[in-house]
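**Q** Structure provided below as structure tokens; questions to follow.
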Amino acid sequence: PVFEGTSLYSLRLDHTLNSSNRLMLRANVSPSTVNGIEVSGEVQPFGQNAYSRTSEQTYRDLAIVAQETAILGNNKVNEFRFQYARRGLSYFYNTAVPGGADPAINITGIAYFGREPYSYIQRTEQRYQFTDNFSWTLGRHDTKFGADFNYLPLDAIFTVNYGGVYDF
């Protein structure tokens with residue numbers, strides 16, 4: 001049995017401080033879980049994997065954006081934006097059934113059971129973004145310039161055959 005559940009939640013707030021300044025705040029959350037993923041690594045044909053040999057994948061995504069727009073006179077606009085985003089990924093062996101954490105046993109052409117050998121993976125990606133744009137209109141000419149700074153730290157743990165594999 002395979003289960004997949006994904007939800008999307010979003011909230012946006014806009015606020016006018018005065019005729020020259022506006023604020024915007026947006027937040028998005030997206031949790032996702034999939035159980036029962038059958039893997040065909042190590043030449044495992046689909047249909048020969050036991051349910052204990054399936055895996056579970058979860059994403060936990062979050063993004064928050066804040067923007068301030070300032071109108072400076074008749075012909076100038078400045079936009080400043082900050083964004084924080086996070087994506088957490090977990091890819092684990094099947095913990096819902098007995099045997100999901102046991103060493104993998106491969107009987108080629110017959111059956112594959114025990115732990116899914118390509119799990120586990122834990123990864124967290126983050127983004128810190130600062131953007132500032134300045135627009136200036138002079139007659140029939142529009143000029144826009146700005147800067148965009150991104151900082152993207154990443155933490156990851158990847159394992160292969162971590163729980164042990166017995167081939168027959």
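The values are calculated or read from the model by the stated rules, or taken from the named source; none is laboratory data. Remember, it's a predicted structure, so these values are computed and weren't measured experimentally. Heads up, the Cβs are rebuilt from the backbone with ideal geometry, glycines too, and the neighbour counts pull from every protein chain shown. Surface areas here come from the heavy atoms of the whole protein model, side chains and all, with no ligands, DNA or RNA. Shrake-Rupley method; radii C 1.70, N 1.55, O 1.52, S 1.80 Å.
**Q** Would you check if there is a residue in the range 70-83 being over 30 Å from L138 (Cα atoms) and among the aromatic types (F, W, Y)?
**A** Checked the range 70-83: no residue is over 30 Å from L138 (Cα atoms) and among the aromatic types (F, W, Y).
**Q** Out of curiosity, is L25 open to solvent by 40 Å² or more (accessible area, probe 1.4 Å) and either touching a Gly at 6+ places or on another chain (Cβ under 6 Å) or modelled with pLDDT of 95 or more (or both)?
**A** Judged against the criteria, L25 is a match.
**Q** Given the options E56, E68, E79, name the one that is modelled with pLDDT of 85 or more and either open to solvent by less than 40 Å² (accessible area, probe 1.4 Å) or under 18 Å from the mean Cα position of the chain (by Cα) (or both).
**A** Selected residue: E56, the only one of E56, E68, E79 that is modelled with pLDDT of 85 or more and either open to solvent by less than 40 Å² (accessible area, probe 1.4 Å) or under 18 Å from the mean Cα position of the chain (by Cα) (or both).
**Q** I'm trying to understand the selection: among the residues of the range 127-140, which are surrounded by fewer than 15 Cβ atoms within 10 Å (Cβ to Cβ) and either at pLDDT below 95 or closer than 13 Å to K76 by Cβ (or both)?
**A** T137, L138, G139, R140
**Q** Is there any pair with a first residue in the range 94-111 that is touching a residue at least 60 places away in the same chain (Cβ under 8 Å) and a second that is among the small types (G, A, S) and open to solvent by 80 Å² or more (accessible area, probe 1.4 Å) whose Cβ atoms are under 6 Å apart and which are 6 or more apart or on different chains, and what are they?
**A** Once the first residue is touching a residue at least 60 places away in the same chain (Cβ under 8 Å) and sits in the range 94-111, no partner that is among the small types (G, A, S) and open to solvent by 80 Å² or more (accessible area, probe 1.4 Å) comes close enough.
**Q** For the range 113-130, which residues satisfy the criterion of being free of Cβ contacts under 8 Å to residues at least 60 places away in the same chain and in a strand (DSSP E or B)?
**A** Once the filter is applied, which keeps residues that are free of Cβ contacts under 8 Å to residues at least 60 places away in the same chain and in a strand (DSSP E or B), the range 113-130 yields I121, Q122, R123, T124, E125, Q126, R127, Y128, Q129, F130.
**Q** Another question, then. How many residues, within the range 86-126, are surrounded by fewer than 17 Cβ atoms within 10 Å (Cβ to Cβ), under 18 Å from Y166 (Cβ atoms) and not hydroxyl-bearing (S, T, Y)?
**A** Of the residues in the range 86-126, 9 are surrounded by fewer than 17 Cβ atoms within 10 Å (Cβ to Cβ), under 18 Å from Y166 (Cβ atoms) and not hydroxyl-bearing (S, T, Y).
**Q** While we're looking at this one, here's another question. Quick check: is even one residue across the range 136-145 under 26 Å from R26 (Cα atoms) and in a strand (DSSP E or B)?
**A** Yes, the conditions are met somewhere in the range 136-145.
**Q** Hey, any hits in the range 14-30 for a residue that's farther than 24 Å from Q126 by Cβ, basic (K, R) and outside any helix (DSSP H, G or I)?
**A** Yes, that holds for at least one residue.
**Q** Right, next: If you check E125, E56, which single one turns out to be of a type in the set (D, E), under 30 Å from D14 (Cα atoms) and in contact with a strand residue (DSSP E or B) (Cβ under 6 Å, 6 or more places away or on another chain)?
**A** Answer to the check: E125.
**Q** Checking N150 against (1) within 19 Å of the chain's Cα centre (by Cα); (2) surrounded by 13 or more Cβ atoms within 10 Å (Cβ to Cβ), which test does it fail?
**A** In the conditions (1) within 19 Å of the chain's Cα centre (by Cα); (2) surrounded by 13 or more Cβ atoms within 10 Å (Cβ to Cβ), N150 misses (2) alone.
**Q** I need the full set of residues from the range 79-112 which are in a strand (DSSP E or B), over 20 Å from R123 (Cβ atoms) and not aliphatic (A, V, I, L, M), in order please.
**A** E79, F80, R81, F82, N106, Y112
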